[in-house]
Amino acid sequence: MGKLQKKPAYNVAVAGATGAVGDTFLKILEERNFPIAELKLLASARSAGKKLRFRGKEYVVEEMTHDSFGGVDIALFSAGGSRSLEFAPSAVKAGAVVIDNSSAFRMEKDVPLVVPEVNPEDAFTHKGIIANPNCTTIIMLVPLKPLHDYAGIKRVIVSSYQSTSGAGAMAMEELKSQTKAWVKGEPINVEHFAHQILFNVIPHVDSFTDNWYTKEEMKMYNETRKMLHSDTISVSATCVRVPVLTAHSESVFIETERKISREKAMELLSSAPGVKLADDPGNKTYPMPIDAAGQDLCLVGRIREDISCDNGLSFWVSGDQLRKGAATNAVQIAELLIK
Ligand SMILES: NC(=O)c1ccc[n+]([C@@H]2O[C@H](COP(=O)([O-])OP(=O)(O)OC[C@H]3O[C@@H](n4cnc5c(N)ncnc54)[C@H](OP(=O)(O)O)[C@@H]3O)[C@@H](O)[C@H]2O)c1
């Protein structure tokens, strides 16, 4: 199917428009001036009738049904995996290209999994659905790609420090409400996370699998291999939820075929698309979620040759997972299709 037919503007649907990613989609489409003829905002029956603003105009949210996609060119899905499985085929049948933020189709053979800075060419192999990778994987892969091209990555060991908005709008609210309750000396309610997230870190993101890794950790393993077209790179991830509102951070170690010095890594990363170096530790400059939130670049710093093996490099990356980890990446894919 490849590129979309050239038009001055496209009909776009946002499925899950009222959620954390949906809200970010509206910001990004507006900021990047995406050429939109008609915009359709879809969510559950709970939100039908709600009004959202886009480019200064009010749009009424509609309940998503199988008939929602007539005339739609591009459907941006962020309504959860089961809704993608149920409704994305109807959108494709109606003639739309679906760019899906959930994990529902990511590992399907016929569904390209794309980060435009990493494997843009894969986008054009789609058969109606393109998957947006897991947010933690996107933020790691943007800096890994130039290092892999130069030195050949053999192994990755990564620990994530994932913000609460990564689990959705309501989960982010839980950190705020626990903070307010603590200030007032009231009991702290736990609903969205396995434990209290305020003043805590929880080494548990998504559900556990048979090998004792979580699904989130296995996404990092499987999706990295798929996007780098490698069945030899091994990735061991430990994913951890931290009391941050927005932007994920990751401590990344790579072992490569060829040695990369700190200087070479700095040179490669300083010109890599989607990366901004924040590496001047003497002046207290390193990536932090507070700086990564609200912008689209993956901030990379704390770059050092690893002292535990010959060809090892360690670094720290922070990126806004609602933007580059979800909405921005999906809109960049849409931009590839209409170029
Ligand atoms: N949060 C992140 O950082 C992030 C990053 C990458 C990918 N993702 C993925 O993006 C998806 C959405 O995540 P989120 O964080 O935005 O979640 P969220 O804040 O909980 O939002 C979920 C959205 O899905 C809608 N929805 C729920 N049930 C529905 C139904 N039956 N029919 C139609 N719409 C329905 C909700 O509408 P109502 O308001 O009507 O309930 C809401 O708009 C998930 O698959 C998630 O894994 C999230």
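The values are calculated or read from the model by the stated rules, or taken from the named source; none is laboratory data. If you're wondering where the values come from, they're calculated on a predicted model, not measured in any experiment. Ideal geometry is used to build each Cβ from the backbone, glycine not excepted, and the neighbour counts take in all protein chains shown.
For the reader, a short list of remarks on this structure follows.
- Criterion violated by residue 317 - all others in (1) farther than 23 Å from residue 256 by Cβ; (2) within 16 Å of the ligand (Cβ to nearest atom); (3) among the aliphatic types (A, V, I, L, M); (4) more than 13 Å from the chain's Cα centre (by Cα) satisfied: (1)
- When residues of segment 46-59 are limited to those that are within 19 Å of residue 78 (Cα to Cα) and of a type in the set (D, E, K, R), the one nearest to the ligand (Cβ to nearest atom): 46
- Residues in segment 181-209 that are within 19 Å of residue 219 (Cα to Cα) and assigned to a loop (DSSP other than H, G, I, E, B): 203, 204, 205, 206, 207, 209.
- Per this entry, residue 43 is counted among residues that are out of contact with any Pro (no Cβ under 8 Å at 6 or more places or on another chain), within 15 Å of the ligand (Cβ to nearest atom) and under 21 Å from residue 167 (Cβ atoms).
- Conditions (1) farther than 24 Å from residue 322 by Cα; (2) buried (at least 19 other Cβ atoms within 10 Å of the Cβ); number of the one not met by residue 248: (1)
- Only one entry in 98, 92, 158 is modelled with pLDDT of 95 or more and farther than 22 Å from residue 5 by Cβ, namely 158.
- Test for residue 94: is it on the phi < 0 side of the Ramachandran plot, free of Cβ contacts under 8 Å to residues at least 40 places away in the same chain and of a type outside the set (Asp, Glu): yes
- Count of segment 1-40 residues, restricted to those that are within 29 Å of residue 170 (Cα to Cα), assigned to a loop (DSSP other than H, G, I, E, B) and more than 13 Å from the ligand (Cβ to nearest atom), is 3.
- Only residues that are in a helix (DSSP H, G or I), under 11 Å from the mean Cα position of the chain (by Cα) and not aliphatic (A, V, I, L, M) were counted across segment 108-148, and they come to 3.
- When residue 130 is tested against the conditions (1) buried (at least 22 other Cβ atoms within 10 Å of the Cβ); (2) within 18 Å of residue 318 (Cβ to Cβ); (3) in contact with an Asp or Glu (Cβ under 9 Å, 6 or more places away or on another chain), the lone failure is (2).
- Among the candidates 84, 68, residue that is assigned to a helix (DSSP H, G or I) and either within 16 Å of the ligand (Cβ to nearest atom) or not β-branched (Val, Ile, Thr) (or both): 84
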